[in-house]
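Undergrad: Following this message is one structure expressed as structure tokens.
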Amino acid sequence: MNRGLNRFAIFVACATFFLIIAGALVTSNDAGLATPDWPLSNGQFFPKMVGNLFWEHGHRIVATTVGMLTIVLMIYILVKEKRDWVRKLGIFALLAVIAQGLLGGLTVRLMLPLAVSTAHATLAQLFFCTTVSLAVFTSRSWIEARPLPEETGGTPLRLLCTVALVAIFLQLIIGATLRHSAPWDRHLPTPLILAHIGGALVVTIALGSASLAVLRRYKDEKFLTRPALIALLLLVVQLSLGIAAYITRLASPNDPQPLNPMISITVAHVACGALVFVSTIVLTLRAYRVLPARPALRESFLQDYSIRQDLHVNPE
Ligand code: HEM
Ligand code: HEM
């Protein structure tokens, strides 16, 4: 285990979280078209950071910094890391951040079309997922983790966690489509709001079942209970922020410009959504690390194997 590499991966993951907040501030301040050009801003390399340019150009600066950090992280991984799949993930992180930067530029050049802005918001979450996964894979707790005993009864935890993760990812995409389908001065489309509320219900059931199953079955294993508890707490906060975001967005079309508390609440809802997603990723990765695959199948394989061994030793 390389402690320096792990600390740096954690640092890049934290910087990515800050970048997601900076991006959400662009959307909530309706600053996406503060400058219509890219890669320059108003024809300049470094424009005066006034008005909405503060948010838009500020986001570009933070994004460039994270891009540089990702290059350093990839090189650090290629030099220090021996596991081939972690090296590949390091290269993938760099490709993802480049694609994300291009999507950001594209959404500006095309004047924020729904599909491109939504894709930019979604890839941001996937990139965050990648940097957090790199931090997990390079950590001491991951490398030193030991297998846990088989689960007795109930749906396998690996499956419960995977279902929760997929449900959250779909909910993030519905949320991004909802958010980019109407700016602050127009009402959000009702069908998308209903889909997002339905999604919240599915996520609550899926993540609630996965986390509670972890807490019940492995209550002494902090490796699993810690991310399960954190994901559950964040989910409660996220549901409250969602309701608050809805209420403030109902009122925002009457305002002369994007105002607080709408700005801070919608930004907090995007940021907490990202945290719910990554805490569930940590839980799922750890479940795959220490829990056996499909206990029933494994058992029948072992039985089958021991019968074959018997036959081999004693053919008649
Ligand atoms: C490279 C890493 C980048 C990441 C991780 C990132 C992330 C984000 C996030 C999370 C949002 C908020 C989405 C939302 O609130 O729904 C956003 C918005 C935005 N980003 Fe980026 N971004 C990156 C690079 C860029 C670049 C290079 C540009 C170049 C112009 C850019 C332009 C924008 C614009 C214009 C918006 C507002 C879109 C809208 O309001 O429809 N981004 N970004
Ligand atoms: C499981 C719980 C939830 C998750 C994970 C979640 C996630 C998200 C995310 C990530 C976004 C923004 C996506 C982006 O642009 O990148 C969003 C937008 C939104 N969500 Fe949720 N959400 C949840 C529950 C709720 C609930 C219960 C409500 C209440 C009605 C709600 C209302 C909204 C609204 C109104 C927006 C758009 C905000 C805006 O226009 O600025 N969410 N959601």
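Undergrad: If you check HIS120 against the conditions, is it within 16 Å of ligand 2 (Cβ to nearest atom) and over 30 Å from THR284 (Cα atoms)?
TA: Answer is no for this residue.
Undergrad: Looking at ARG249, ARG226, which is the one that is of a type in the set (Lys, Arg) and touching a helix residue (DSSP H, G or I) at 6+ places or on another chain (Cβ under 7 Å)?
TA: ARG249
Undergrad: Run VAL282 past the list (1) open to solvent by less than 70 Å² (accessible area, probe 1.4 Å); (2) away from ligand 2 (no atom under 15 Å from the Cβ); (3) of a type outside the set (Gly, Ala, Ser); (4) over 19 Å from LEU126 (Cβ atoms) and report the number of the one that doesn't hold.
TA: It is condition (4) that VAL282 fails.
Undergrad: Taking the options ILE193, ILE205, ILE263, ILE247, name whichever one is more than 30 Å from THR138 (Cα to Cα) and in contact (Cβ under 8 Å) with a residue 60 or more places away in the chain.
TA: Matching residue, one of ILE193, ILE205, ILE263, ILE247: ILE263.
Undergrad: While we're here: Of all residues in region 204-236 being open to solvent by 70 Å² or more (accessible area, probe 1.4 Å) and not basic (Lys, Arg), which is farthest from ARG179 (Cα to Cα)?
TA: ASP220
Undergrad: Considering only residues that are more than 8 Å from ligand 2 (Cβ to nearest atom), open to solvent by less than 60 Å² (accessible area, probe 1.4 Å) and out of contact with any Pro (no Cβ under 9 Å at 6 or more places or on another chain), which ones fall in region 178-203?
TA: Listed by number, the residues that qualify are PRO189, LEU192, ALA195, GLY198.
Undergrad: A further question follows. Residue by residue through region 59-83, note down the ones that are in contact (Cβ under 8 Å) with a residue 12 or more places away in the chain and either over 22 Å from the mean Cα position of the chain (by Cα) or at positive phi (or both).
TA: TYR76, LEU78, LYS80, GLU81, ARG83, listed by residue number.
Undergrad: Here is a follow-up. Among the numbered conditions (1) buried (at least 21 other Cβ atoms within 10 Å of the Cβ); (2) among the aliphatic types (A, V, I, L, M); (3) within 15 Å of ligand 1 (Cβ to nearest atom), tell me where MET49 comes up short.
TA: (1)
Undergrad: Among the residues of region 92-148, write down those that are surrounded by 15 or more Cβ atoms within 10 Å (Cβ to Cβ), among the polar types (S, T, N, Q) and touching a Phe, Trp or Tyr at 6+ places or on another chain (Cβ under 7 Å).
TA: Hits for region 92-148 are GLN100, GLN125, THR130.
Undergrad: Look through VAL62, VAL12 and report the one residue that is under 19 Å from PHE127 (Cβ atoms), assigned to a helix (DSSP H, G or I) and touching a Ser or Thr at 6+ places or on another chain (Cβ under 7 Å).
TA: VAL12
Undergrad: Here's another thing I want to ask about it. Looking for something among the aliphatic types (A, V, I, L, M), in a helix (DSSP H, G or I) and under 20 Å from THR280 (Cβ atoms) - is there at least one such residue anywhere in region 174-184?
TA: yes
Undergrad: HIS187 - would you say it is away from ligand 1 (no atom under 16 Å from the Cβ) and either closer than 30 Å to ASN254 by Cα or over 24 Å from the mean Cα position of the chain (by Cα) (or both)?
TA: Against the criterion (away from ligand 1 (no atom under 16 Å from the Cβ) and either closer than 30 Å to ASN254 by Cα or over 24 Å from the mean Cα position of the chain (by Cα) (or both)), HIS187 qualifies.
Undergrad: Based on this model, can you work out whether HIS196 counts as part of a helix (DSSP H, G or I), closer than 30 Å to PRO156 by Cβ and within 16 Å of ligand 1 (Cβ to nearest atom)?
TA: Yes.
Undergrad: Of everything in region 254-271, what is open to solvent by 30 Å² or more (accessible area, probe 1.4 Å), assigned to a helix (DSSP H, G or I) and not β-branched (Val, Ile, Thr)? Give them in sequence order.
TA: Within region 254-271, ASN254, SER264, ALA268, HIS269 qualify.
Undergrad: Another question, then. Taking region 111-157, which residues are within 16 Å of ligand 1 (Cβ to nearest atom), touching a Leu at 6+ places or on another chain (Cβ under 7 Å) and among the hydroxyl-bearing types (Ser, Thr, Tyr)?
TA: THR122, THR130, SER133
Undergrad: Just checking, which of VAL86, VAL26 is under 23 Å from the mean Cα position of the chain (by Cα), within 8 Å of ligand 1 (Cβ to nearest atom) and touching a residue at least 24 places away in the same chain (Cβ under 8 Å)?
TA: Result of the check over VAL86, VAL26: VAL26.
The values are calculated or read from the model by the stated rules, or taken from the named source; none is laboratory data. Computed from a predicted model, the values in this text were never measured in an experiment. When we count neighbours, we look across all protein chains shown, and the Cβ atoms used for this are built from the backbone with ideal geometry, even at glycine. With ligands, DNA and RNA removed, areas are computed over all heavy atoms of the protein, side chains included. Shrake-Rupley method; radii C 1.70, N 1.55, O 1.52, S 1.80 Å.
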